[in-house]
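Chemist: Please see the structure below; I have some questions.
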Amino acid sequence: MIYLDNIIFSLQRHGGVSVLWGNLIEALVAGNADARFIDFRNATDNKVRKNLRIPDEMLIERTERPVVLERFRDVKIKDSEKIVFHSSHYRICPEANALNITTLHDFTYEFFFKGIQKRVHIWQKYNAIRKADVVVCISENTRRDLLRFLPDIPEDRVRVIYNGVSDDYCPLQGSLPDLSNYMLFVGGRQSYKNFAFAVACAKEVGKRLLVAGSPLSEKEKQLVDKELGDDGCRNVVHPDNKSLNEIYNSVSCLIYPSLYEGFGIPVVEAQKAGCPVTVSYTHLTL
């Protein structure tokens, strides 16, 4: 039996890990896998979870504790047979009959965060990595960072399995919105995502900027108004795959100037949709 821990849906409203975890669930449900999903009722704000259809018989609901505490707890599962346990966010199953799998996306916290938030995240992540029977890295870049930050991890426990991309992304024919004067920026806008540089690039080449993701903050609105003018930026809040694919098919290019990524899935989504991509390259050292 495979047990998957859906706690990521309670930790974020939207994000790359939610999308990838949702794709994994869809594949297992479609394949009628011998799987159970540990779910939380307070995940209703997560856009990916809202769109998932998981049969009731495959769900195990956990609602007893606040997720702010539950996220740090080991997951106890009573099963007489050997099981595979895979958490969406660095939890483990301590049972003797459990094979633990941990998926490692990136080392963003090590490079860009400070203080208690960084220390807590690293403590939980490193604990899950060291207790895992198999560590899945989503790229060679993430594998290299893993062996750099945790050289004690045996390399034979590490596997590289690249992120997949939904079949929702593809070239389209026929009538599409006219967005040819827009460059597209997709995803989060934390400091390392280099959003201000994307704005500067759009201004330099005389393009407008379409931002797909969370609503622009007041500071971001002020930035784009100053650099691109009142009508120089359009914000599409958390588009679904179908809408985002139409955008990829309509804009002049995706601009992705992030300073660091474990994988960078919007780049592959755009390429799958036939959208030109402009990226930056940075080699990080500490």
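Chemist: Exactly which GluC sites (Glu not before Pro) in region 35-92 are in a DSSP loop and have at most 11 other Cβ atoms within 10 Å?
Modeler: Loop-located and lightly packed - E64, E81.
Chemist: Could you give me the ³J(HN,Hα) list for region 109-121, computed from phi with Karplus coefficients 6.51, -1.76, 1.60 and θ = phi - 60°, whole Hz, x at Gly and Pro?
Modeler: 4, 4, 8, 10, 10, 9, x, 5, 4, 5, 5, 5, 4
Chemist: At a 10 angstrom cut-off on C-beta neighbours, averaged per residue, how do the peptides 173-179, 87-93 rank from highest to lowest?
Modeler: Top to bottom by mean Cβ count within 10 Å: 87-93, 173-179.
Chemist: Long-range amide H contacts for L104: which residues qualify at under 5 Å (H placed 1.01 Å from N, peptide plane, sequence gap of 5 or more or a different chain)?
Modeler: Residues meeting the criterion, in which the H sits 1.01 Å from N, are V136, C137, I138.
Chemist: Still on this structure: Using a 1.4 Å probe on the protein heavy atoms, what percent of the accessible area of the chain belongs to carbon and sulfur?
Modeler: Of the solvent-accessible surface of the chain, carbon and sulfur hold 51 percent.
Chemist: What ranking of L210, L20 comes out by heavy-atom accessible area, probe 1.4 Å, highest first?
Modeler: L20, L210
Chemist: What do you get for the angle between helix 195-205 and the principal long axis of the chain? Use alpha-carbon atoms, 0 to 90 degrees, nearest ten.
Modeler: 30
Chemist: A follow-up question, please. Rounded to the nearest whole Å², what accessible area per residue is found for the chain with the 1.4 Å probe?
Modeler: So the chain comes to 52 Å² accessible per residue, rounded to a whole number.
Chemist: Along the charge dipole of region 19-64, pointing to its positive end and built from +1/-1 on Cβ of Lys, Arg, Asp and Glu, which listed residue (A30, I60, V48) has its Cα farthest out?
Modeler: Farthest towards the positive pole: V48.
Chemist: Sticking with this one: Sort out for me the Cα centre separation of region 7-47 from region 203-224, rounded to whole Å.
Modeler: Here the answer is 30 Å between Cα centres.
Chemist: Could I ask something else about it? Between C233 and residues 5 or more places away or on another chain, which pairs have amide H atoms under 5 Å apart, with H built 1.01 Å from N, and which residues are they?
Modeler: Those qualifying (amide H under 5 Å, at least 5 residues apart or on another chain) are L209.
Chemist: Note the angle between two axes, namely the Cα long axis of helix 140-149 and the longest principal axis of the Cα atoms of the chain, as a number of degrees from 0 to 90, rounded to the nearest 10.
Modeler: Helix 140-149 sits at roughly 60 degrees to that axis.
Chemist: Once the piece of chain linking R13 and K82 is laid out straight, how much longer is it, given 0.36 nm per residue of separation minus the C-alpha distance between them?
Modeler: Gain on stretching R13 to K82: 21.5 nm.
Chemist: Further question: Could you tell me the center-to-center distance, by alpha carbons, between region 65-80 and region 237-256 in angstrom?
Modeler: Computed from Cα coordinates, the inter-centre distance equals 37 Å.
Chemist: Follow-up. Ordered by packing density, taken as the mean number of other Cβ atoms within 10 Å over each peptide's residues, highest first, how do 101-109, 142-150 rank?
Modeler: Those peptides, ordered most packed to least, come out 101-109, 142-150.
Chemist: Could you please report the charge total around I8, scoring K, R as +1 and D, E as -1 over all other residues with beta-carbon less than 13 angstrom from its beta-carbon?
Modeler: +1
Chemist: Sticking with this one: Work out from phi, with θ = phi - 60° and the Karplus expression 6.51 cos²θ - 1.76 cosθ + 1.60, the ³J(HN,Hα) of each residue of region 81-94, listed in order in whole Hz, and give x for Gly and Pro.
Modeler: Working through the residues one at a time gives 9, 5, 10, 10, 10, 9, 9, 7, 7, 6, 10, 10, 10, x Hz.
Chemist: In sequence order, what are the phi-derived ³J(HN,Hα) couplings for region 227-237 according to the Karplus relation 6.51 cos²θ - 1.76 cosθ + 1.60 with θ = phi - 60°, rounded to whole Hz, with x for glycine and proline?
Modeler: For region 227-237, the Karplus-derived couplings read 8, 10, x, 4, 10, x, 9, 10, 10, 9, 7 Hz, x marking Gly and Pro.
Chemist: Long-range amide H contacts for C253: which residues qualify at under 5 Å (H placed 1.01 Å from N, peptide plane, sequence gap of 5 or more or a different chain)?
Modeler: For C253, whose amide H was placed from the backbone, the distant partners under 5 Å are L184.
The values are calculated or read from the model by the stated rules, or taken from the named source; none is laboratory data. Since this is a predicted model, take the numbers as computed values, not measurements. Don't worry about glycine lacking a Cβ; one is built from the backbone with ideal geometry, like all the others, and counts go over all protein chains shown. Note: accessible area is taken over every heavy atom of the protein model, side chains too, but ligands, DNA and RNA are not part of it. Shrake-Rupley method; radii C 1.70, N 1.55, O 1.52, S 1.80 Å.
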